[in-house]
Amino acid sequence: MLKYVDGRITGEPLVDIKLDDVVMLGAVFGSLLGKRSLVVSGRDVRPVSRMFKRALTAGLMSVGCDIMDFHEAVSGEISFSMKRFGAKGGFNIHLNPRKPGYITIRLYKAPGYELVGKEIIDIIALTQGKTEGQGVGEIGWVNYAEYMHELYTSALISFIKSDEISAAGLKIVASHGYGASGEILGRLFSLLELEHTLMSSGRGNIETYPYIKEMSKIAASTKALKSDLGVVFNIDASALAVYIKDIGFLLPEEVLLAILTRYPVNSNVVVDTYVLPGIVEYMINKGYQVKVVENEEKLIEVVRRERPVLALNSRGDFITPLFSLGYDALIAFMQLLEAFSIQRKEVYEEVANVRNLLSHSLKDGKDVSTACNNNPECIKTLWGYRIPGDKVIRAYIYSPEMDSYIEFVEQLRNP
C-alpha cells in the first residue's frame, strides 16, 4: 500500500512502496491523463530510484502513455519541460532527505504543477485493490532525451540578465546532490563565465535534513576562497541555502527579499502561513502584494490561478511561475545572482534591515533538535527547522561559525 507523507508518496522502498504498487500507480495516473498522453520522467542517481522509475514507466506505458525519459533530472526540469513540450504529466523519483532510506515520488500535471494533498490521496485511493489487468492494448513508447540539461540550462540563462552577471565577476562555491544538479550548475557557471568551485555531497546516502555538514563545508570554503556567495542545494534542487560573505546563511525569506529587489514593489508574492510574519509585514509595507495561504496545497492552487512573480513555502522551496510552475531553486539562484550582480548594496541592506526587525538569538543545536523531535508538527528543512507553537512560529537556521542555530521567534498571523 502506497504511503502518503507530507503531501507526497513517500516510504521505505520495497517495504512501504512495493514495485507492484508503483506499476499500478503508473497505470492509474496514466489512465487519468489519457491514452497517447506525453509524460516526462526523471530520477536521482541512486539505483533504487532507477528501479522505481522503470516500474512507474511500465505502468504508464501499459495504458498507452508515451514517456520522455530524462534519466537523471532535477525537479525544476520536470516542470519546465512539461511547459516546453506540452506534456500532460510528469514524475520525478528521489531519495527523501527528511527520512533516511526513504524515497519520494513526485507527480505533476500540465502545465507543470506538482500534485500534493487531496489530488495525491485520490490517486492512491484509486490504486487500492485494483489488481485486474485489461489485456494488451496500445502500449506506449519511451523516448530518451539526453539533451534536456542543455535545453534547461539555456532557458535558465535566457531568463536572467546573463551579461550583467558575467560582468560582475562573482566567485561562487556550490554544493549539490550527486547527479543532475552538478552537471547543470557546471554548465551554468561556465556560460556565465563565473569563477566557481563545485562540490558534490557524495554518491552514497545523502545527508538528512538539516544539511549541517554541507553548510559547514560551504561556509569554510567560501571564506577560504574569498568567494562572494556560497550555496547548498538539496537532492532535487527544489530548495537551497545561501551563504553571503560577512552575513552568513540566509533564511529563505531573506533570499526571497533579495530576489524581489529585481521586481517592481507592487509585484504579487505568495507564501504559506509559517513564513515569518515579520518579513511578510516588511514586504507589505514596502508595497508588495503578499498573499498568505494556509498550506502547500493552497499555495500551489493560488500559483496556478494567479501567477505571482514568486512563491515560497515554509520549507524553503521556491516557485517562479513566469518560468515554470514547479519548485525550482536553480532559477531562484539565477535570479539571486542577477540581483547580487546589479545591486549588491541593496541586497545587503534588505537582509540587514529585516534582521534588525526580527527577534533572534543563539540556541544550542541539541536543544533545537530535541524540541523538533518532541513536536510532530516540526518542519525539517535543508537549512534548519521551523517549529509551530501556540500562536508562535520558531525558525532555526544553522550557523557554522557558532556551531549552533539562530532562533527567530514570531507571532503567527492568520492567512
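The values are calculated or read from the model by the stated rules, or taken from the named source; none is laboratory data. Computed from a predicted model, the values in this text were never measured in an experiment. Heads up, the Cβs are rebuilt from the backbone with ideal geometry, glycines too, and the neighbour counts pull from every protein chain shown. Quick note on the areas: whole protein, heavy atoms, side chains included, nothing else; ligands and nucleic acids left out. Shrake-Rupley method; radii C 1.70, N 1.55, O 1.52, S 1.80 Å.
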> Averaged per residue, what accessible area in Å² does region 277-415 show with a 1.4 Å probe, protein chains only?
Replying inline: 42
> What length, rounded to one decimal in nm, is gained on full extension from Asp246 through to Ser190, with 0.36 nm per residue of separation minus their alpha-carbon distance?
Replying inline: 17.6 nm
>> With a 1.4 Å probe and all protein chains left in place, how much accessible area per residue does region 1-147 have, in Å²?
In response: 41
> What FRET efficiency do you get for Val392 and Lys286 if R0 is 22 Å and r is their Cβ-Cβ distance, rounded to the nearest 0.05?
Replying inline: 0.35
>> Please flag any cysteine in the chain that has no other cysteine's Cβ under 4.7 angstrom from its own Cβ.
In response: Cys65
>> Please compute, for the alpha-carbon atoms of region 144-233, the extent along each of the three principal axes and give them in descending order in Å.
In response: 38, 33, 16
> Mind listing P(r) for region 49-194? All alpha-carbon pairs, 5 Å bins, whole percents.
Replying inline: 2, 8, 14, 18, 19, 14, 11, 6, 4, 2, 1, 1, 0
>> Cβ neighbours within 10 Å, averaged per peptide: list 82-91, 259-268 in order, most packed at the top.
In response: 82-91, 259-268
> region 308-415: Rg/Rh from Cα coordinates, Kirkwood Rh?
Replying inline: 1.00
> For the pair Arg305 and Lys223, how long in nm is the line joining their label points, each one 7 Å along Cα→Cβ?
Replying inline: 4.8
> So how compact is the chain: Cα radius of gyration and Dmax in angstrom?
Replying inline: 20.7, 66
>> If you average the alpha carbon positions of region 323-342 and of region 82-100, how far apart do those two centres end up, in angstrom?
In response: 19
> With each pseudo-label sitting 7 Å past Cα toward Cβ, what's the Leu126-Asp20 distance in nm, one decimal?
Replying inline: 2.1
>> What does the extension gain come out to for Arg50 and Lys83, with contour length at 0.36 nm per residue minus their alpha carbon separation?
In response: 9.5 nm
>> Could you work out how much longer the chain between Tyr144 and Lys171 gets when fully extended? Use 0.36 nm per residue separation minus the Cα distance between them, nm to one decimal.
In response: 6.2 nm
> For the pair Ser359 and Ser200, how long in nm is the line joining their label points, each one 7 Å along Cα→Cβ?
Replying inline: 4.6
